[in-house]
1. Only one of (1) over 30 Å from GLN24 (Cβ atoms); (2) in a helix (DSSP H, G or I) fails for GLU125. Which number is that?
2. Within the stretch 55-70, does at least one residue satisfy the condition of being within 22 Å of LEU138 (Cβ to Cβ), in contact with a strand residue (DSSP E or B) (Cβ under 8 Å, 6 or more places away or on another chain) and among the aliphatic types (A, V, I, L, M)?
3. Is there any pair linking a residue in the stretch 133-150 that is touching a residue at least 24 places away in the same chain (Cβ under 8 Å) and more than 12 Å from LYS47 (Cβ to Cβ) to one that is in a helix (DSSP H, G or I) and of a type outside the set (A, V, I, L, M, F, W, C), with Cβ under 7 Å and at least six apart or on different chains, and which?
4. Return yes or no: is VAL16 β-branched (Val, Ile, Thr) and closer than 20 Å to ALA109 by Cβ?
5. Tell me, yes or no, whether the stretch 11-27 has at least one residue that is in a strand (DSSP E or B), more than 27 Å from GLU99 (Cβ to Cβ) and either at pLDDT below 95 or among the acidic types (Asp, Glu) (or both).
6. Can you confirm whether the stretch 147-155 contains a residue that is out of contact with any Phe, Trp or Tyr (no Cβ under 9 Å at 6 or more places or on another chain), surrounded by 14 or more Cβ atoms within 10 Å (Cβ to Cβ) and not acidic (Asp, Glu)?
7. Just checking, how many residues over the stretch 62-113 are in a loop (DSSP other than H, G, I, E, B) and surrounded by 18 or more Cβ atoms within 10 Å (Cβ to Cβ)?
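The values are calculated or read from the model by the stated rules, or taken from the named source; none is laboratory data. Keep in mind it's a predicted model, so treat the numbers as computed, not measured. Cβ coordinates were reconstructed from backbone atoms using ideal geometry, including for glycine residues, and neighbour counts include every protein chain displayed.
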Amino acid sequence: MAHNDNFDFSKGDYVVYPAHGVGQIEGIETQVIGGAKISLYTVTFEKERMRLKIPVMKAQSAGLRRLSTTDRLKDAITTLKGRSRIRRAMWSRRAQEYETKINSGDPVAIAEVLRDLKRSNDDTEQSYSERQIYQSALERLAREVAAVEKITDEKAAERLEKMLKKEVKTAKKAA
């Protein structure tokens with residue numbers, strides 16, 4: 001396997017695993033599995049109190065990647081500030097699409113979920129499942145923003161929510 005810069009991680013590197021978000025490489029170890037020596041990245045996810053071992057050879061196909069660049073996060077912020085697109089599909093179908101976007105690990109896709117679930121009218125009640133998906137997307141995007149900008153998850157989440165509220169007010173004035 002050729003060493004692609006995006007998949008040659010070292011101890012202490014922050015990475016994104018699509019289904020779990022931001023984690024940190026705890027180390028690289030070799031284990032014998034089925035008679036074969038396999039190198040594994042050990043990734044720790046603080047918030048979930050979870051440790052994941054990913055074969056180095058499978059890191060790319062598993063979607064393990066470095067943190068987003070600041071340009072990619074700017075794209076996500078631009079998406080977040082955009083106009084929400086509420087589809088008229090059944091909620092179960094939309095919920096499934098939202099979960100898929102969140103688990104893709106792509107910050108722009110996660111920003112789309114946040115933007116679309118943020119109601120243009122804060123008076124309307126969100127269902128429990130809408131709130132859960134919104135919260136999941138917010139936490140996932142906030143962790144990556146926090147890791148890239150070296151701030152706390154809470155500060156990153158507050159900033160994202162302020163941006164969303166500002167855009168909701170702007171959309172109301174334009175209507």
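1. (2)
2. yes
3. ILE133/TYR98; ILE133/GLU99; LEU141/PRO107; GLU144/PRO107; VAL148/THR70
4. Details: β-branched (Val, Ile, Thr): yes; closer than 20 Å to ALA109 by Cβ: yes.
Yes: the conditions hold for VAL16.
5. Step one: of the stretch 11-27, the residues in a strand (DSSP E or B) are 14-17, 21-27.
From what is left, the residues that are more than 27 Å from GLU99 (Cβ to Cβ) are 26-27.
Next, from what is left, pick out any that are either at pLDDT below 95 or among the acidic types (Asp, Glu) (or both): 26-27.
Within the stretch 11-27, one or more residues are in a strand (DSSP E or B), more than 27 Å from GLU99 (Cβ to Cβ) and either at pLDDT below 95 or among the acidic types (Asp, Glu) (or both).
6. yes
7. Pass one, the stretch 62-113, residues in a loop (DSSP other than H, G, I, E, B): 63-64, 67-69, 82-90, 105-106.
Of the ones still in play, those that are also surrounded by 18 or more Cβ atoms within 10 Å (Cβ to Cβ) are 64, 67-68, 105-106.
Matching residues across the stretch 62-113 total 5.
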